[in-house]
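Below: the structure, in structure tokens.
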Amino acid sequence: MDIEDWRRMIDEIDAQLVELLNRRSRCAIEIGKLKRARNLPIYSPERERHVLERVRRLNRGPLDDEALQRLFERIMDESRRLERLAAESPNGLGEHAG
């Protein structure tokens, strides 16, 4: 394979990542709605700790655990933001929250 083949492969993976991140975000919005209905706090340090431990266990490289943790911390920050918006919004969130 040459460099263009590798770049096409990365482009395909990026498209999949975007779809997966949007699916994850839709789940976070639904969780925010449920937290609002149940009057639960948005921030759950136990859950975030669990997510980080789980992704470290799933990690098979080449990313090291610290790099993977930094990425997931950013993902969880965005999920928390979406949960908060959904919990604060009486009508929920639209398709493009943010």
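Here are a few things to note about the model shown:
- In the range 32-51, of all residues being part of a helix (DSSP H, G or I) and surrounded by 15 or more Cβ atoms within 10 Å (Cβ to Cβ), the one that is farthest from the chain's Cα centre (by Cα) corresponds to R36.
- Some residue of the range 33-40 being at pLDDT below 95 and of a type in the set (G, A, S): yes
- Among residues of the range 59-84 that are under 22 Å from L40 (Cβ atoms), those with a beta-carbon under 8 Å from a residue that is part of a helix (DSSP H, G or I) and among the polar types (S, T, N, Q) at least six positions away or on a different chain give the pairs E78/S25; S79/S25; L82/S25.
- Residue within the range 18-31 that is touching a residue at least 60 places away in the same chain (Cβ under 8 Å), surrounded by 11 or more Cβ atoms within 10 Å (Cβ to Cβ) and aliphatic (A, V, I, L, M) present: yes
The values are calculated or read from the model by the stated rules, or taken from the named source; none is laboratory data. Just so it is clear, the structure is predicted and the values come from calculations on it, not from any experiment. Please note: Cβ atoms are built from the backbone with ideal geometry, for glycine as well, and neighbour counts cover all protein chains shown.
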